[in-house]
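In what follows, a structure is listed as structure tokens, so that the remarks can point back to it.
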Amino acid sequence: MTTARPTTDLSADEARRIALRAQGFLGTPNRRAGVRGILRHLGAIQLDTISVLARSHELIPYARLGAVGRKTVESAYWKPAAVGAPPARPHAFEYWSHAACILPIEEWPHFAFRRRAYRSRPQWNHELPDGTYDQVIKQLRTEGPLTATELGGAKRTSEWWDWSGTKVAVERALMYGEVVCVERRGWKRVYDLAERAVPEALLHDELDDTECLRRLVRLAGQSLGVGTRADIADYHRLRGEQVDAVIAESGLVPVTVEGWGKPAWADPAALETPPRGRHRTTLLSPFDSLIWERARTERIFGFTHRLEAYVPKQKRVYGYFAMPVLSGGHLVGRVDPAREGRTLVARQVTLDGPKAVPAVVQALIEAASWVDCTNVRVERVDAPDLREPLARELARALG
């Protein structure tokens, strides 16, 4: 079979569909690969403390696979492989990528450049008390995986930033790569020695900085489908000049995209076949990699979005945790959700016209079912003329 010559000029619509397919929203997802398949496909799933419907790392596979059980999601990330000789090895680890992210364990070698940078860092915000680092390593070696609390305490006071010496030490060891986060337990990191948790074949820093960056740029391009220099850099929080140094050898191909105004690169595999298939209709976490880079979201979808959780209440426009609604490959509205008992409450709904009503209702009904809510209540609709059509459609859907 001959491969079609890669397209070098893409329309805005082609770029949007390529991005949707690359992110797992166009076409039929590989359900057999499940949550772990989504993790490998995306390369990074962002963690965040906010939990409204669910935590963001649960919302990411839900948005692509539908109502996969929340316990199934956690187990897929953190339950170690049972195959082979003990000790069991994890499928994933947590590290600093786009932010604090769950990463496939296969990517451990690619972050050697970041571990080296942390080890040579001259200044830190938190002081490391003498002897504490060695004590933490010794305790983990003796007692096995532990949380910061089990190691001797996470904080000195109730202030979130006031870390104990033990917490400073174990976080420093995490950054250095001597310690790895192997799971979250009650939202607390569980730390173990990397030598015990990371498979031996992957436990090395043999890749030089250039090779680490080349691989991460290629993987970012594959996960994005098509992106600008800034898009690709942002995926794993690389610097622009780091991308520039390796992109020619990354395997990505230069393309032009209608209306983008900046050079772009694409995954050649994404250009081989036109992106076709079923579109997902779903609520998106604001931390979803489809939309986590705001300039890219505006460029691709013509949709301006900002997380307002940290904006003073009186200054919020769309709500505390407004979740964009994806339908038909477009962002058609927003829902700011909450839960009251077994009712999913849409505190605020923003609709991009009457055609968005069925999509928003479908997204609300599916999300409610996923989090075991039996009812949906809408409190506010930004367009008053759409409140009644939305209420009718919702009543019909709820039966």
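No value in this document is a laboratory result; all are computed from the given coordinates. Remember, predicted model here, so these are calculated numbers, not experimental data. Please note: Cβ atoms are built from the backbone with ideal geometry, for glycine as well, and neighbour counts cover all protein chains shown.
Taking amide hydrogens as placed 1.01 Å from N in the peptide plane, the amide H of Asn375 sits under 5 Å from those of Leu344, each at least 5 positions away in sequence or on another chain. In terms of Cα atoms, the Rg and Dmax of segment 355-399 work out to 10.2, 30 Å.
Once both labels are positioned 7 Å from their Cα atoms along Cα-to-Cβ, the gap between Ala397 and Glu298 label points is 3.0 nm.
Below 14 angstrom from the Cβ of Glu200, what's the summed charge of the other residues (Lys, Arg +1; Asp, Glu -1)? It would help to have the intermediate numbers written out before the result.
Working: positive: Arg89, Arg196; negative: Glu106, Glu195, Asp205, Glu206.
Overall, the nearby charge balance is -2.
Send over the semi-axes of segment 250-399's equivalent ellipsoid, whole angstrom and largest first, taken as the square roots of 5 times the C-alpha gyration tensor eigenvalues. Could the numbers behind the result be given before it?
Details: eigenvalues 199, 65, 41 Å².
So the equivalent ellipsoid measures 32, 18, 14 Å along its semi-axes.
Considering segment 8-138 at the alpha-carbon level, its Rg and Dmax are found to be 18.5, 59 Å. Percent of Cα pairs in segment 161-269 per distance bin of 5 Å, from zero to the largest separation: 2, 11, 16, 15, 13, 13, 13, 8, 6, 2, 0. The shape of segment 273-324 can be summarised by an equivalent ellipsoid whose semi-axes, obtained from the alpha carbon gyration tensor, come to 26, 12, 8 Å from longest to shortest.
Run the helix sum for the chain: -39,500 (n - 2.57) per DSSP H stretch of 4+ residues, divided by residue count, reported at 222 nm to the nearest 500 deg cm²/dmol. Before the final figure, lay out each step's value.
On the way: 16 runs with 148 residues, N = 399.
Mean residue ellipticity at 222 nm (helix-derived): -10500 deg cm²/dmol.
Give a quick list of chymotrypsin sites (Phe, Trp or Tyr not before Pro) in segment 162-205 that DSSP marks as loop, anything other than H, G, I, E or B, with at most 13 other Cβ atoms within 10 Å. Display every interim value, and only then the final one.
Working: sites: Trp163, Tyr176, Trp187, Tyr191; in loops: Trp187.
Those that pass, being in a loop and sparsely packed, are Trp187.
Diffusion coefficient (Stokes-Einstein, Kirkwood radius over C-alpha pairs, 10 °C, 1.306 mPa s) for the chain: 70 µm²/s, rounded to a whole number. For the listed residue pairs Lys138/Lys188; Lys79/Lys155; Lys167/Lys188, the alpha carbons are over 18 angstrom apart in Lys138/Lys188; Lys79/Lys155.
Amide H to amide H distances under 5 Å link Arg339 with Val345, where only residues 5 or more positions off or on other chains count and H is placed in the peptide plane.
How do the peptides 226-236, 66-76, 31-41 rank, highest first, by the average count of neighbouring beta carbon atoms within 10 Å per residue? Before the final figure, lay out the partial values.
Details: 226-236: 23.2, 66-76: 15.5, 31-41: 17.1.
Result, highest mean first: 226-236, 31-41, 66-76.
By the rule of a C-alpha distance below 20 Å, with chain neighbours fewer than 8 residues away ignored, the aspartates and glutamates paired with Lys315 are Asp336, Glu379, Asp382. Considering only DSSP states other than H, G, I, E and B, which chymotrypsin sites (Phe, Trp or Tyr not before Pro) in segment 12-80 qualify as loop sites with at most 16 other Cβ atoms within 10 Å? Qualifying residues, ordered by number: none. Size of segment 320-399 from its Cα atoms: along the principal axes, largest to smallest, the extents are 30, 23, 22 Å. Annotation: peptides 261-270, 241-250, ranked by per-residue average of other Cβ atoms within 10 Å with the highest first, follow the order 261-270, 241-250. For segment 140-212, the Kirkwood hydrodynamic radius comes to 13.3 Å, computed from all pairs of different C-alpha atoms.
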